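S.K.: Let me begin by handing over the structure; questions about it come next.
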Amino acid sequence: MMKDEKALVVFSGGQDSTTCLYWAIKNFGKVYALSFVYGQKHVKEVELAREIARKAGVEFSVMDVSFIGSLGRNSLTDTSITMDEEKPEGGVPNTFVPGRNLFFLSIAAVHARELGIRHLVTGVSQTDFSGYPDCRDSFIKSLNVTLNLAMDDQFVIHTPLMWLDKAQTWALADELGVFDIIRYETLTCYNGVVGDGCGHCPACTLRRRGLETFLESKNSKQE
Ligand code: ZN
């Protein structure tokens, strides 16, 4: 796609952002990964992300933005809150970290600008998930305009997963030839279990359902 250009991937080491990392490697000449420490309970997530980035041969950096976790209460950064298993009626689940993607992408844009990069890649998806407002396409498009105005620049935010459900995200990983890396080396689980995860948190449930759907359709094609 843009082999003479560089891209910066907002990278957590989970299924979605790792799929995006490999999508970026396929489409851009040089890829950088940026992870954030934001007070999440599972800080080992960052070490895992570093290792995935190392194996993928991309430059990796980490920024500490822990203040985000302390600004608003949520169950990903506050151990005293029991995690919502389901989306509550008419609201967002308490796994929502208010402002997370706003901060992440804004900081990523400043960092990218320093490196002479205008392409930003993020694994947000509107299709499958719990109604996090900062995963929606309208938010990303709006922020893209805002970042360009804020820095008089021409950023392009890429969201390869925006309209994919989890099964289609697995299919994309398979197409990119990294299915096993995504399945066994990434961390999506809210309880910090790598690969197929703890099996019962909301992130594991979503990931597993998608995986099962993908594997069923793949097997039925091969028969
Ligand atoms: Zn889990």
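The values are calculated or read from the model by the stated rules, or taken from the named source; none is laboratory data. What you see is a predicted model; the values in this text were computed from it and never measured. Backbone-built Cβ (ideal geometry, glycine too); neighbour counts: all protein chains shown.
S.K.: Ser17 fails exactly one of the following numbered conditions: (1) at pLDDT 90 or above; (2) farther than 23 Å from Ala171 by Cα. What is the number of that condition?
M.R.: Exception for Ser17: condition (2).
S.K.: Among the candidates Tyr190, Tyr184, single out the residue that is at pLDDT below 95 and of a type in the set (Phe, Trp, Tyr).
M.R.: Tyr190
S.K.: Could you check how many residues of region 147-201 are within 16 Å of the ligand (Cβ to nearest atom), over 14 Å from the mean Cα position of the chain (by Cα) and either surrounded by fewer than 16 Cβ atoms within 10 Å (Cβ to Cβ) or among the β-branched types (Val, Ile, Thr) (or both)?
M.R.: The first filter runs over region 147-201 and keeps only residues within 16 Å of the ligand (Cβ to nearest atom), leaving 166, 182-201.
Remaining after also requiring over 14 Å from the mean Cα position of the chain (by Cα): 183-185, 191-201.
Those still in the list that are either surrounded by fewer than 16 Cβ atoms within 10 Å (Cβ to Cβ) or among the β-branched types (Val, Ile, Thr) (or both) too: 184, 191, 193-196, 198-200.
Of the residues in region 147-201, 9 are within 16 Å of the ligand (Cβ to nearest atom), over 14 Å from the mean Cα position of the chain (by Cα) and either surrounded by fewer than 16 Cβ atoms within 10 Å (Cβ to Cβ) or among the β-branched types (Val, Ile, Thr) (or both).
S.K.: Condition (residue is buried (at least 20 other Cβ atoms within 10 Å of the Cβ) and more than 16 Å from the ligand (Cβ to nearest atom)) applied to region 204-219: is it met by at least one residue?
M.R.: yes
S.K.: Being of a type outside the set (S, T, N, Q) and over 17 Å from Leu161 (Cα atoms) narrows it down to one of Lys6, Lys26, so name that one.
M.R.: Working: Lys26 fails: over 17 Å from Leu161 (Cα atoms).
Just a single option satisfies the conditions, and that option is Lys6.
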